[in-house]
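So the structure is just underneath, and the comments pick up after that.
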Amino acid sequence: MDKLKLGPLFRLDDFLTSKNLYTVFQPVISLKDASVFGYECFVRFDAGEGFEDNSFFSPENIFAQKKAEKDVWGLDKLCFKSAVKTARALGLRKKLFINLCAASLFDRDFQKDYFVKAFQKYGIDCRNVIIEFSERDFSEELDFQIKECSDFFKEAGLSVAVDNMRDFGMKNVYRLNPEFVKLDRLAVKNIQNDSLKFSMAKNFVDFCRSIGTKTGCCGG
């Protein structure tokens, strides 16, 4: 049977259902004792074998398309619900790192308390959840919304993390005062051979430690 091509009749919203996405979990390992500290949640899309080009269904492409349509919040909710339900089904009791796309904050239907209500519904302790904002999404346009949302989450008992940090920038860490900061792997690649990068990383980690923020780096 010939494989289908994506064309003008293909509707992404028709494809994006709970049946076509699932969650995988990447362990977050403590360098202190090599124990599993928590799990980061990642969404994956299952297009099946019917399409000619399955690369379209990568998370990066799907989110880019929804950002272009200014309709990310609906997708974020699907991903979040999948992560929470799967974590409960697997009996995960460690910290859960869940990403929230900053573009969702501009959606008129966005609800900050959606997360807290969902955790209560599925019996997950808010104290075990870290909501991640990617530094790549930070901008003058979004800074206020991210700060406001971050403060709300903290008051509700959730933790906040800044993900994908590349340049050891302290401004966003200072403004949000997150519990966690995760450096992008490019920020620490070959750090053992680069004295300047090592010095910058050390200063950044020392600063984070001084305000009570834990640091880590992304694998890859």
*Within segment 100-113, work out how many residues are modelled with pLDDT of 90 or more and under 16 Å from the mean Cα position of the chain (by Cα).*
3
_For segment 152-220, give me every one of the strands (runs of 3 or more DSSP E) that falls completely inside it and has 2 or more residues that are of a type in the set (S, T, N, Q)._
159-165
*Quick one: which helices (runs of 4 or more DSSP H) lie wholly within segment 1-99 and hold at least 3 residues that are modelled with pLDDT of 80 or more and charged (D, E, K, R)?*
59-68, 73-90
*asked:* Can you find, within segment 125-146, the residue that is surrounded by the most Cβ atoms within 10 Å (Cβ to Cβ) among those that are in a helix (DSSP H, G or I) and of a type in the set (S, T, N, Q)?
replied: 128
*Being touching a helix residue (DSSP H, G or I) at 6+ places or on another chain (Cβ under 9 Å) and aliphatic (A, V, I, L, M) is the filter; apply it to segment 162-187 and report the residue that is nearest to residue 213 (Cα to Cα).*
181
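The values are calculated or read from the model by the stated rules, or taken from the named source; none is laboratory data. Keep in mind the model is a prediction, meaning the values are calculated, not measured. In this analysis, Cβ positions are derived from the backbone assuming ideal geometry, glycine residues included, and neighbour counts consider all displayed protein chains.
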